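J.: Quick one: the structure is below, questions incoming.
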Amino acid sequence: MRTKMARRAAGAVPMGLVGMLGLVGMLAVPAQAGAASLPGVVVRPAVTGTPGPASVTVTWTPGSAQGSPITGFTVTATDLTASARGHQTCVVGVVTGVTVATPAYLGPDACTVQHLTAGDTYTFTVTATNAIGTSAPSAPSPPVVPTGSDDPHPGYWLVGSDGGIFSFGAASYHGSTGNLVLERPVVGMVPTADHNGYWEVASDGGAFAFGDAGFYGSIPGLGIAPAGTVDAPHRLNAPIVAIVPSTDGRGYFMVAADGGVFAFGDATFAGSCPGIGTCPGSAVSVLPDTTGKGYWLVTSVGSVYAFGDAPYEGAPGPTPSPITSAVHTLDGAGYWILTADGSIYAYGDAAYLGGASTAGGADPATAVFTPADYGGYWIVTATGAVSSFGTAPDEGDMSGSHLNGSIVAAAGI
């Protein structure tokens with residue numbers, strides 16, 4: 001039976017002391033002195049040439065530098081057919097860590113956005129960056145439809161608690177923390193929209209960016225100690241358990257076991273369990289909706305909490321085995337919820353396609369994740385065994401291999 005157990009937040013709560021409430025507020029950055037300011041808005045970009053296989057070349061005319069040399073540009077795709085498949089980016093020059101000493105970008109004013117979905121309609125916007133910050137987006141380009149596909153087939157990454165990354169199919173390896181001595185174990189991983197990078201997060205909130213993933217901050221970087229630290233003026237109330245990117249990939253959310261939600265970059269805070277009192281059980285997943293203005297928080301005892309404009313679609317309630325993972329559908333109108341024994345609960349427009357009957361006990365199911373078309377899902381267990389359902393193909397797994405740490409997270413393309 002599907003028992004509704006969600007509580008919708010009435011809205012964002014005031015940001016309290018981070019160490020007590022488990023929330024990260026937005027820190028205002030003082031304006032820099034002098035006449036320089038953000039770059040002018042880029043002139044409406046154009047799409048040039050014939051769209052390539054799952055790629056489009058975008059050109060633009062820069063706006064005014066406004067007293068500080070422009071160091072780089074970022075092109076962002078919007079998928080008008082299915083918004084969840086958009087947000088791919090292409091960067092030229094330098095757009096992160098910019099200082100007054102960063103050299104000006106000298107061109108060309110063009111960039112090819114890749115890993116698009118063939119047959120979908122896209123528009124593109126461009127932003128400019130200088131030492132002061134990043135401009136507002138340009139007007140959207142004319143719409144265009146790419147053809148073909150540059151991904152030979154789907155793929156996925158499996159992530160060990162030591163931060164080791166295992167790549168299968170079309171998923172590329174971009175680095176890992178597997179060769180580092182970490183203060184706390186890795187608990188989550190998510191890829192960037194173009195699949196050319198990913199983030200890992202540890203239970204102390206340490207964030208690690210690889211490939212084209214941008215670093216937008218971490219819990220230790222805010223001066224907050226891990227949960228359980230003695231005599232620390234500010235510390236987490238509970239360990240971090242997961243990370244997910246913001247809608248456009250220019251930020252990310254972290255969620256703690258007590259349901260505290262931490263927003264970095266342009267991720268928009270919409271509420272948390274401490275903000276509404278408490279949530280039974282431990283939080284296991286946070287799922288952003290497709291608008292970027294809300295998310296779902298899923299707990300180990302089968303409750304789903306909808307914050308912001310995320311629609312509540314149902315929850316399993318108490319289950320024979322604890323909830324371990326969840327993932328939303330393409331349009332954000334549903335989600336799949338996974339239990340440690342491999343069972344799947346489907347809500348909204350999520351289709352039930354089967355569960356991993358061999359999971360559980362000493363080898364619990366730890367993650368459910370989807371291919372780019374969201375037409376199926378994979379389930380992975382702690383030993384790295386992968387089960388495939390729907391359109392998700394079998395690309396291999398780590399079953400029977402030696403692992404330095406159990407598999408704790410996974411992501412597909």
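J.: Within region 96-129, which residues are crowded, with 18+ Cβ neighbours inside 10 Å, under 25 Å from ALA372 (Cβ atoms) and touching a Gly at 6+ places or on another chain (Cβ under 6 Å)?
T.: none
J.: Test GLY375 against the criterion of being surrounded by fewer than 22 Cβ atoms within 10 Å (Cβ to Cβ) and not β-branched (Val, Ile, Thr), and give yes or no.
T.: Here the answer is yes, as GLY375 does meet what is asked.
J.: In region 269-297, which residues are surrounded by fewer than 22 Cβ atoms within 10 Å (Cβ to Cβ), among the β-branched types (Val, Ile, Thr) and over 14 Å from the mean Cα position of the chain (by Cα)?
T.: Selection gives ILE276, THR278.
J.: Only one residue in ALA238, ALA242, ALA227 is more than 17 Å from GLY308 (Cβ to Cβ) and assigned to a strand (DSSP E or B). Which one?
T.: Sole residue among the options that is more than 17 Å from GLY308 (Cβ to Cβ) and assigned to a strand (DSSP E or B): ALA242.
J.: Tell me, which residue of region 385-412 that is assigned to a loop (DSSP other than H, G, I, E, B) and on the phi > 0 side of the Ramachandran plot is nearest to the chain's Cα centre (by Cα)?
T.: Once the filter is applied, the top-ranked residue is GLY396.
J.: Additional query: Could you list, in sequence order, all residues of region 51-96 that are among the small types (Gly, Ala, Ser) and over 23 Å from the mean Cα position of the chain (by Cα)? So that I can check it myself, show each step before the final result.
T.: Quick first cut of region 51-96, residues among the small types (Gly, Ala, Ser) only: 52, 54-55, 63-65, 67-68, 72, 77, 82-84, 86, 93.
Passing the criteria: GLY52, GLY63, SER64, ALA65, GLY67, SER68, GLY72, GLY93.
Let's see how each residue does on (1) aromatic (Phe, Trp, Tyr); (2) modelled with pLDDT under 95; (3) closer than 23 Å to TRP157 by Cα:
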position	(1), (2), (3)
LYS293	no, yes, no
ALA315	no, no, no
LEU330	no, yes, yes
ALA333	no, yes, no
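J.: Among the residues of region 322-342, is there at least one that is within 19 Å of SER399 (Cα to Cα) and not in a loop (DSSP other than H, G, I, E, B)? Outline the logic, then answer.
T.: Applying the first criterion (within 19 Å of SER399 (Cα to Cα)) to region 322-342 yields 340-342.
Checking which are not in a loop (DSSP other than H, G, I, E, B) leaves us with none.
Looking for residues that are within 19 Å of SER399 (Cα to Cα) and not in a loop (DSSP other than H, G, I, E, B), one finds none in region 322-342, hence no.
J.: Could you please give the count of residues in region 263-289 that are of a type in the set (Ser, Thr, Tyr), outside any strand (DSSP E or B) and either under 21 Å from MET189 (Cβ atoms) or modelled with pLDDT of 95 or more (or both)?
T.: Here is the first cut: in region 263-289, the ones of a type in the set (Ser, Thr, Tyr) are 268, 272, 278, 282, 285.
Filter once more, keeping what is outside any strand (DSSP E or B): 268, 272, 278, 282.
Applying the additional criterion that residues be either under 21 Å from MET189 (Cβ atoms) or modelled with pLDDT of 95 or more (or both) yields 272, 282.
Count: 2.
J.: Before we move on, is GLY214 more than 15 Å from the chain's Cα centre (by Cα), touching a residue at least 60 places away in the same chain (Cβ under 8 Å) and crowded, with 19+ Cβ neighbours inside 10 Å? I'd like the intermediate steps shown before the answer.
T.: Working: more than 15 Å from the chain's Cα centre (by Cα): no; touching a residue at least 60 places away in the same chain (Cβ under 8 Å): yes; crowded, with 19+ Cβ neighbours inside 10 Å: yes.
Considered against the rule, which asks whether it is more than 15 Å from the chain's Cα centre (by Cα), touching a residue at least 60 places away in the same chain (Cβ under 8 Å) and crowded, with 19+ Cβ neighbours inside 10 Å, GLY214 comes out as no.
J.: A further question follows. As an exercise: evaluate THR121 against (1) in the same structural domain as PHE389 (by TED's automatic domain parsing); (2) of a type outside the set (Asp, Glu); (3) modelled with pLDDT of 90 or more and give the number of the one condition it does not meet.
T.: THR121 satisfies every listed condition except (1).
J.: How many residues are small (Gly, Ala, Ser), under 17 Å from GLU200 (Cβ atoms) and either touching a helix residue (DSSP H, G or I) at 6+ places or on another chain (Cβ under 7 Å) or surrounded by fewer than 23 Cβ atoms within 10 Å (Cβ to Cβ) (or both) when one looks only at region 385-409?
T.: Qualifying residue count, region 385-409: 2.
J.: Let me ask something else about it. Collect the residues in region 330-362 that are within 21 Å of THR291 (Cβ to Cβ) and touching a residue at least 60 places away in the same chain (Cβ under 8 Å), keeping them in residue-number order.
T.: LEU330, ASP331, GLY332, TYR347
The values are calculated or read from the model by the stated rules, or taken from the named source; none is laboratory data. These numbers come from a predicted model, not from an experiment. A quick note on method: Cβ atoms are made from the backbone with ideal geometry, for glycine too, and the neighbour counts reach across all protein chains shown.
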